[in-house]
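The values are calculated or read from the model by the stated rules, or taken from the named source; none is laboratory data. Bear in mind the structure is a predicted one, so any value in this text is a computation, not a measurement. A quick note on method: Cβ atoms are made from the backbone with ideal geometry, for glycine too, and the neighbour counts reach across all protein chains shown.
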Amino acid sequence: MNTAGNRILITGASGLIGSALIPELQRQGHHVFRAVRTEPAGDDEIRWRPLETHQQLPASEREAFEGFDTVIHLAGGNIASHRWTDQRKQEIRSSRIDATTNLAALLGQLSSGPSEFISASAVGGYPADSDEILTEQSAFGRDYLAEVCRDWESASDSLAASGVRVVKLRIGIVLSPAGGILERLVPLFRWCLGSRIGSGKQWMSWIDLDDLVEIVKLVTTTKTIEGPINCVAPATVRNVDFTTTLAAILRRPVAPPVPAFIIRLLYGEMGQSLIVEGRRVLPARLMQMGFHFKSPDLPSALRNQLH
């Protein structure tokens, strides 16, 4: 089915993924609009108050959400920007769960609501520190990050129950020098300070940003896709292999390893969950669909993003 010309609304449009996705959707002929938290600066923006219920919104702001074919929900606070204090944990939950709950309720009461809702999630929902291969059929874990991801995904179930096609993008570590892990690591490696963390045996499930954009484009045009999709490359690697590969691409030596206790000391629970621990996630559904990864292995992804 050709969906060129659809009206698509994106939250989190200024983030790493949204910034790369929007021009690609526009090239396909879609009419892309941004949900922004400030006063709209143009005809392609609408005001969005994520932490307010639709009953609290002015009628004009509710009505601005009418008439979209697709909503792509990418908004959410950065989980790696600060230590996870109790306050920060609540902010993370609110930016994902409360915002998604409010958005789903708002869309659900429209007279002309979207037929599909594509929402970001994360592979952080899966259990950590195991060699088990995790697919979309695998159960989520029980720690804080798993609970966030579980509740985040459940927040859009009301739309699915009303007949909207809901897709949950379980996104791994996104590789791009414009943000995320590479933005932080590349300068360290260029200063010859890049090293493995702890034992280096923890798995890193990653995805090239360009491939992630292609996955989202596929999801918007393939109407049979619904439910969770693991957005990771098929070649998950251990931290030690990620380190040596990145050092080789940048032609730098690998520094001595950073003990895990240092990460825990500096970053607390956040460092333990996001840096010391890892998850071995496989994109089973994408592989079954025959999705073609432009960067299926780490060397090709790093060359694509850094050269």
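Assorted remarks:
- Residue ID - farthest from LEU182 (Cα to Cα), chosen from residues in the range 199-239 that are in a helix (DSSP H, G or I) and of a type in the set (Ser, Thr, Tyr): THR221
- Verdict on ARG62 being touching an Asp or Glu at 6+ places or on another chain (Cβ under 9 Å), assigned to a helix (DSSP H, G or I) and surrounded by fewer than 20 Cβ atoms within 10 Å (Cβ to Cβ): no
- Residue in the range 204-217 that is basic (Lys, Arg), within 15 Å of the chain's Cα centre (by Cα), surrounded by fewer than 22 Cβ atoms within 10 Å (Cβ to Cβ) and at pLDDT 95 or above present: yes
- THR244 vs. criteria among the hydroxyl-bearing types (Ser, Thr, Tyr), part of a helix (DSSP H, G or I) and under 22 Å from ARG27 (Cβ atoms): no
- Hey, PHE117 among the aromatic types (Phe, Trp, Tyr), under 26 Å from THR224 (Cα atoms), surrounded by 15 or more Cβ atoms within 10 Å (Cβ to Cβ) and more than 22 Å from the chain's Cα centre (by Cα) or not: no
- Options PHE291, PHE261: the member that is part of a loop (DSSP other than H, G, I, E, B) and either in contact with a helix residue (DSSP H, G or I) (Cβ under 7 Å, 6 or more places away or on another chain) or not small (Gly, Ala, Ser) (or both): PHE291
- Listed by first and then second residue, the pairs linking a residue in the range 62-79 that is more than 17 Å from LYS223 (Cα to Cα) and modelled with pLDDT of 95 or more to a residue that is part of a loop (DSSP other than H, G, I, E, B) and hydroxyl-bearing (Ser, Thr, Tyr), with Cβ atoms under 7 Å apart and 6 or more places separating them unless they lie on different chains, are GLU66/SER111; GLU66/SER112; GLY67/SER112.
- Unique match (being at pLDDT below 95 and in contact with a helix residue (DSSP H, G or I) (Cβ under 9 Å, 6 or more places away or on another chain)) among GLY125, GLY113, GLY172, GLY179: GLY179
- Residue match in the range 253-270 (condition: among the β-branched types (Val, Ile, Thr), under 23 Å from TYR144 (Cα atoms) and crowded, with 16+ Cβ neighbours inside 10 Å): yes
- Candidates ALA247, ALA233, filtered to the one that is within 23 Å of ALA122 (Cα to Cα), at pLDDT 95 or above and in contact with a Pro (Cβ under 7 Å, 6 or more places away or on another chain): ALA233
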